[in-house]
Amino acid sequence: ESADELIGFGKWIFLSTICGFLYMQGDKLLLGKFLPLDQFGVYNIGFFLASFPLLMGGVLTRKLLIPLYRERPPTESEDNFRKLQKMRFLLTAGMIALTGGVAIAGVVLIDLLYDPRYLMAGAVVVLIAAMQMPQILVLTYEQAALAAGDSRRFFVLSAARAVLTLSFLFGGLILGGLFGALVGQGLAGVAAYPFVVWLARHAGAWDPKHDAVYACVGALVIAFAFWVNWDAIADLAALG
């Protein structure tokens, strides 16, 4: 019985890992094929700087929230839900602050760290950081299904994200080059939101108040980052 349970749980984790690779690395697969080498190199520089807050937040949420979801399931009591809500608000606030700071200062960071040949990477940093806001919004939900032993729903979410990310990324790449690909990644995160809500509601973890508050905060941060760095973003968009 224990072996059956372990294999049943593990097979969906295995499939989720494959989808997760496509979701996380699909941009490298497609952009490496379609972009000139110089633009691809600039993208990788921008990705490295812009993705650090999200990667750090992902590790932090996995370390903190899986044990909490296991020990204090939100479906068990209102008190458990409120405590998880408080931690979710704090974690999301920290990640939006870090990612927003990178988005706002993207052009300045590249100007300080690299020579003028890599100036275009500044706009890439701004766009990647901004387009990660939808992922940050739902980052604290992903572990709820795994903590409850529901690896199948986690696989469905991973598969949906992989398909949406590759589809929107490819569409944006064809329509608008590097700029379109970056915008496509953000739209893919928005399109995946219903799947995240489906998973979170089943685990009793969905918090619409949290999502509404930080959707507004994230939108304001993105708007300010675009306003501050508009010239650089316009130059990137003009490359097509």
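The values are calculated or read from the model by the stated rules, or taken from the named source; none is laboratory data. All values reported here derive from a predicted model rather than from experimental measurement. Here the Cβ positions follow ideal geometry from the backbone for every residue, glycine too, while neighbour counts run over all protein chains shown. Side chains are part of the model used for accessible areas, which takes the heavy atoms of the whole protein and leaves out ligands, DNA and RNA. Shrake-Rupley method; radii C 1.70, N 1.55, O 1.52, S 1.80 Å.
Quick notes on this structure:
- Any hit, the stretch 45-52, residues being under 27 Å from Ala232 (Cβ atoms) and touching a Ser or Thr at 6+ places or on another chain (Cβ under 6 Å): no
- Condition broken by Leu220, with the remaining ones in (1) more than 17 Å from the chain's Cα centre (by Cα); (2) hydrophobic (A, V, I, L, M, F, W, C); (3) surrounded by 20 or more Cβ atoms within 10 Å (Cβ to Cβ) satisfied: (3)
- Qualifying residue in the stretch 62-79 (condition: under 28 Å from Val126 (Cα atoms) and buried (at least 17 other Cβ atoms within 10 Å of the Cβ)): no
- Against the numbered list (1) under 28 Å from Asn229 (Cα atoms); (2) touching a residue at least 40 places away in the same chain (Cβ under 8 Å); (3) buried (at least 22 other Cβ atoms within 10 Å of the Cβ), Leu166 comes up short only at (3).
- The set of residues from the stretch 80-99 being surrounded by 16 or more Cβ atoms within 10 Å (Cβ to Cβ) and over 24 Å from the mean Cα position of the chain (by Cα) comprises just one member, Asn80.
- For first residues located in the stretch 81-99 and within 20 Å of Ala147 (Cα to Cα), partners that are of a type in the set (Lys, Arg) and part of a helix (DSSP H, G or I) and lie 6+ apart or on another chain with Cβ distances below 8 Å form the pairs Gln85/Lys209.
- Some residue of the stretch 156-163 being open to solvent by less than 50 Å² (accessible area, probe 1.4 Å), closer than 16 Å to Val125 by Cα, without any contact (Cβ under 8 Å) to a residue 40 or more places away in the chain and part of a helix (DSSP H, G or I): no
- Hey, Arg152 modelled with pLDDT under 90, open to solvent by 10 Å² or more (accessible area, probe 1.4 Å), of a type in the set (D, E, K, R) and over 19 Å from Gly41 (Cβ atoms) or not: yes
- Ile45 of a type in the set (Val, Ile, Thr) and closer than 29 Å to Arg152 by Cα: no
- Residue that is modelled with the highest pLDDT [pool: residues in the stretch 128-140 that are surrounded by 24 or more Cβ atoms within 10 Å (Cβ to Cβ) and part of a loop (DSSP other than H, G, I, E, B)]: Gln132
- Test result for Gly171, surrounded by fewer than 20 Cβ atoms within 10 Å (Cβ to Cβ) and on the phi > 0 side of the Ramachandran plot: no
- Top-ranked residue of the stretch 192-213 - restricted to ones that are closer than 15 Å to Pro74 by Cβ and in a loop (DSSP other than H, G, I, E, B), ranked as most open to solvent (accessible area, probe 1.4 Å): Trp206
- Reported count of residues in the stretch 105-124, each being part of a helix (DSSP H, G or I) and either exposed (fewer than 15 other Cβ atoms within 10 Å of the Cβ) or without any contact (Cβ under 8 Å) to a residue 24 or more places away in the chain (or both), is 6.
- Ala225 being in contact with a Ser or Thr (Cβ under 6 Å, 6 or more places away or on another chain), among the aliphatic types (A, V, I, L, M) and part of a helix (DSSP H, G or I): no
- Odd one out for Arg201 among (1) at pLDDT 95 or above; (2) out of contact with any helix residue (DSSP H, G or I) (no Cβ under 9 Å at 6 or more places or on another chain): (1)
- Val102 vs. criteria of a type in the set (Val, Ile, Thr), open to solvent by 20 Å² or more (accessible area, probe 1.4 Å) and closer than 16 Å to Val221 by Cα: yes
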